[in-house]
Amino acid sequence: MPATVIIGGQWGDEGKGRVVDYHARNCSIIARYSAGTNAGHTIVNDRGHFALHLVPAGIFYGDKTCVIGKGVVVEPVGLLKELAMLGERGVDTSRLLISDRANVVMPWHPVIDRLDEAFRGEHAIGTTGTGTGPAFTDKVSRNGVRVIDLITPELLAAKLEMVLPYKNRVITELYGGPALDFDTVLREYRAFGEQLAPHVADVDTIVQDAHDAGDRILLEGAQGALLDLDSGTYPYVTSSVPASVAAGASIGIGLGPTAIERVVGVYKAYQTRVGNGPMPTELFGEDADRLRDPAAAQGQGEYGTTTGRSRRCGWFDGVLARYTARLNGVNSVALTRLDVLSQFDSVKVCISYERNGDRVNTLPAALQHQYEVQPVYEELPGWRSDVSGVRSFGDLPANARAFVRRVEQLIGAPVDMISVGPAREQVIVTHDIFGTEL
């Protein structure tokens with residue numbers, strides 16, 4: 001049966017976790033295909049509030065197989081803590097599988113990540129400091145340690161003998177930091193490998209066999225398409241390979257591109273971004289503060305799941321939404337946090353840009369040009385009504401329905417799901433992507 005990919009249509013933090021959690025009920029396998037602990041998903045369900053960084057959001061269904069694919073870089077300490085947290089809260093993680101081909105975040109990666117950001121000074125990217133970027137750099141430069149190495153003692157020792165002296169020279173001679181001790185690293189990471197070994201498997205074959213058997217597979221993107229290494233706001237992007245777009249899902253999990261039929265794009269009803277880089281519709285002052293800490297949002301303020309950093313906030317950017325929808329082949333939209341806009345007398349959507357007197361209708365390639373564009377807004381009437389209890393599209397205020405329809409037009413794909421609060425049941429589904437009209 002064709003697979004479904006869920007991607008973020010903005011800069012991440014769109015609420016993908018709750019969308020995956022919702023649709024996972026209809027699937028047999030839920031697989032994470034890219035990124036690392038630099039990405040986080042927040043889930044609110046009957047068990048409480050959870051922040052996940054590596055474990056797929058389908059883990060809360062005990063009959064599902066959850067997969068960390070080879071396109072993910074696995075940080076052992078964080079993953080073990082996440083598994084322990086889930087276990088302590090009564091969540092069964094026995095059906096979690098980790099690809100033996102995935103690369104591992106080693107102890108030198110976060111060290112280099114932080115030192116390199118400091119070295120860049122005012123040109124820092126604004127990374128999470130988790131070591132994800134340097135781990136992907138090593139993957140591409142063929143210096144990476146893979147999960148199969150981590151769980152095989154003799155392979156781990158051989159890899160460390162080859163890589164660690166080089167990394168220590170980078171840390172000490174380029175950045176002036178302290179060297180890492182070989183014996184300490186070997187001992188600690190052998191122990192991590194022993195703890196993770198029961199979850200390690202040939203994930204590619206398992207997913208391929210499930211696809212051949214007709215099982216429904218949900219492929220979970222971790223970051224937003226505007227952070228894609230090739231198509232995002234370069235260089236203020238992620239370093240994940242495969243990419244943060246739907247086309248990378250088949251690579252990161254081991255399926256051919258013909259296996260993917262549906263692409264669900266998750267878009268927030270406004271715009272947020274963590275870290276540095278251009279953001280044409282960014283707001284400052286009272287409106288930004290109201291989006292970031294809305295009384296109507298039931299405590300779901302705009303702060304990063306991974307770092308806790310304050311998110312930059314702005315109005316919905318229809319130019320970028322259309323850009324990422326076409327880039328990913330989005331054929332279904334999940335619109336999140338509509339309830340946050342209930343506090344405004346009017347709301348704005350960006351319908352195009354202006355630069356040097358010319359209209360611009362897509363994301364420019366040059367970073368400087370991305371900074372120079374000015375948003376052209378369309379102002380829509382607000383609805384000033386609490387929508388957190390609404391479960392039917394027809395029961396939304398007329399102005400809220402008009403806003404959703406305008407977003408559909410700008411994106412160029414139907415809005416099939418609308419979240420009106422953080423909890424699992426706070427959702428309006430107008431069309432089930434697996435075929436049932438509601």
Next on the checklist: Quick check on region 80-88. Is at least one of its residues surrounded by 21 or more Cβ atoms within 10 Å (Cβ to Cβ) and under 27 Å from A247 (Cβ atoms)?
Outcome noted: no
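Which members of region 147-175 meet the condition of being closer than 20 Å to L80 by Cα and surrounded by 20 or more Cβ atoms within 10 Å (Cβ to Cβ)? Lay out the reasoning, then the answer.
If we filter region 147-175 for residues that are closer than 20 Å to L80 by Cα, which is where we start, we get 147-153, 156.
Listed by number, the residues that qualify are V147, D149, L150, I151, L156.
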Checklist outcome for this item: If we ask which residues in region 176-194 are surrounded by 15 or more Cβ atoms within 10 Å (Cβ to Cβ) and not aliphatic (A, V, I, L, M), their number turns out to be 5
Checklist outcome for this item: Those residues of region 23-53 that are outside any loop (DSSP other than H, G, I, E, B) and closer than 21 Å to V207 by Cα come to a total of 9
Item to check | Index of the failed condition, A400 passing every other in (1) surrounded by fewer than 20 Cβ atoms within 10 Å (Cβ to Cβ); (2) assigned by TED's automatic domain parsing to the domain that holds P294 | outcome: (1)
Checklist entry - Which residues, taken from region 337-367, are surrounded by fewer than 16 Cβ atoms within 10 Å (Cβ to Cβ), in a strand (DSSP E or B) and of a type outside the set (G, A, S)? => result E354, R355, D358, R359
Checklist entry - Which pairs have Cβ atoms under 7 Å, sit 6 or more apart or on different chains, and link a residue in region 204-230 that is among the charged types (D, E, K, R) to one that is part of a helix (DSSP H, G or I)? => result R216/N26; E220/V20; E220/A57
Item to check | Residue check, V266 at pLDDT 95 or above and assigned to a strand (DSSP E or B) | outcome: yes
Item to check | Condition broken by T37, with the remaining ones in (1) modelled with pLDDT under 90; (2) buried (at least 24 other Cβ atoms within 10 Å of the Cβ); (3) in contact with a Lys or Arg (Cβ under 8 Å, 6 or more places away or on another chain); (4) among the polar types (S, T, N, Q) satisfied | outcome: (3)
Next on the checklist: Please go through region 141-169 and give me each residue that is in contact (Cβ under 8 Å) with a residue 40 or more places away in the chain and assigned to a loop (DSSP other than H, G, I, E, B), ordered by number.
Outcome noted: G144, V145, I151, T152
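Looking only at region 11-32, how many residues end up being within 10 Å of the chain's Cα centre (by Cα) and surrounded by 24 or more Cβ atoms within 10 Å (Cβ to Cβ)?
Taking region 11-32 and keeping what is within 10 Å of the chain's Cα centre (by Cα), we get 11-17, 32.
Next, from what is left, pick out any that are surrounded by 24 or more Cβ atoms within 10 Å (Cβ to Cβ): 11-14, 16-17, 32.
Of the residues in region 11-32, 7 are within 10 Å of the chain's Cα centre (by Cα) and surrounded by 24 or more Cβ atoms within 10 Å (Cβ to Cβ).
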Checklist entry - Is it true that some residue in region 90-105 is surrounded by 19 or more Cβ atoms within 10 Å (Cβ to Cβ) and assigned to a helix (DSSP H, G or I)? => result no
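The values are calculated or read from the model by the stated rules, or taken from the named source; none is laboratory data. Because the structure is a prediction, the values reported are computed rather than measured. When we count neighbours, we look across all protein chains shown, and the Cβ atoms used for this are built from the backbone with ideal geometry, even at glycine.
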